[in-house]
1. As an exercise, use a Förster radius of 25 Å and the Cβ-Cβ distance of Ala173 and Ala60 to find the FRET efficiency, rounded to the nearest 0.05.
2. Just subtract the alpha-carbon distance of Tyr151 and Tyr73 from 0.36 nm times their residue separation and send over the number in nm, one decimal.
3. Subtracting the Cα-Cα distance from 0.36 nm times the residue separation, let me have the gained length for Thr88 to Asp199 in nm, one decimal.
4. Taking the Kirkwood radius as the inverse of the mean 1/r across Cα pairs, report the Rg/Rh of the stretch 64-147.
5. Over 26 Å between C-alpha atoms is what I'm after, so list which of Lys141/Lys169; Lys106/Lys184; Lys141/Lys197 land there.
6. For a protection proxy built on the mean count of beta-carbon atoms within 10 angstrom, sort 202-208, 156-162 highest first, please.
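Bear in mind these aren't lab numbers, they're just calculated from the coordinates by the rules spelled out. No experiment lies behind these values; they were computed from the predicted model shown. Glycine gets a Cβ as well: all are built from the backbone with ideal geometry, and neighbour counts include every protein chain shown.
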Amino acid sequence: MSVVDFSLPVASTPNNTIPLGFSFEHSICSAISSIRRASLSLFNPTKYIYNPTIITINMAPQLNEEEIDDLIYFARAGEKDDLSTTLTELAEREKVSVAEIIASAKDEGKSTCLHMAAGNGHLDIVTLILSEFTSRPKEEKQAYLDAANEYGNTGLHWAALGGHLDVIKLLMAAGASPALANDKNYVPLDLASFGEKHDVVDYFLEQAGGLEDKNTAEGLKAAAEGLKVDDDGNVEFKMSVGDTSEASGSGSAQN
């Protein structure tokens with residue numbers, strides 16, 4: 001590759017004096033100028049507006065074990081103010097929504113704040129949790145409502161087990177499914193019957209007759225057919241074909 005040296009001796013011509021190599025440098029500069037002018041003619045700032053698309057990638061909240069334990073404890077103990085304050089602080093730190101913080105808080109058994117609040121009958125905590133999902137996508141809200149722990153139990157399962165009818169009504173109104181079965185194939189209605197929560201059982205049976213969703217209605221209907229009421233008004237669970245386990249109205253749910 002040849003190198004042009006522009007510091008050559010001066011040569012004289014009849015009309016002027018120029019350094020040797022000037023004509024080559026001049027040609028290059030002229031070519032570059034022509035290209036620049038052509039480029040500028042193609043881009044007219046009065047006609048074109050550069051509008052870059054900004055892509056934002058939301059990272060999952062990074063909560064440590066102690067922070068998760070705190071959230072789970074506040075929900076279980078009914079400490080609404082502490083729960084609300086901690087959720088807000090974590091959301092600001094992680095630059096995410098409060099709902100995303102709530103969804104990220106799960107204990108080792110995959111139980112959520114909703115499990116803890118619903119299972120202990122803390123209506124105000126459940127209300128607080130659900131309110132944070134009001135503006136979230138429908139799919140995200142539904143996924144959290146029906147989130148199951150490692151034994152397949154949802155928040156509605158735990159509320160039914162504890163006989164917390166007000167919480168059950170709130171969860172159902174929010175869209176929680178009463179037809180989801182846990183790993184023992186029990187729906188919330190079954191757990192209510194095991195614990196002799198008769199008002200809860202009655203509520204589920206009433207809802208089974210008025211549900212528009214076919215799958216949900218059939219799920220509750222199947223559970224209802226597994227129940228019988230004795231002469232004293234006690235609810236008993238009838239064993240299904242192939243079920244070798246034992247269950248009775250006085251039994252308590254596990255996990």
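1. Approximately 0.30, to the nearest 0.05.
2. Contour length minus the Cα-Cα distance gives 26.1 nm.
3. Contour length minus Cα-Cα distance gives 36.3 nm.
4. Expressed as Rg/Rh, it is 0.92.
5. Lys141/Lys197
6. Listed from highest to lowest mean packing, they are 156-162, 202-208.
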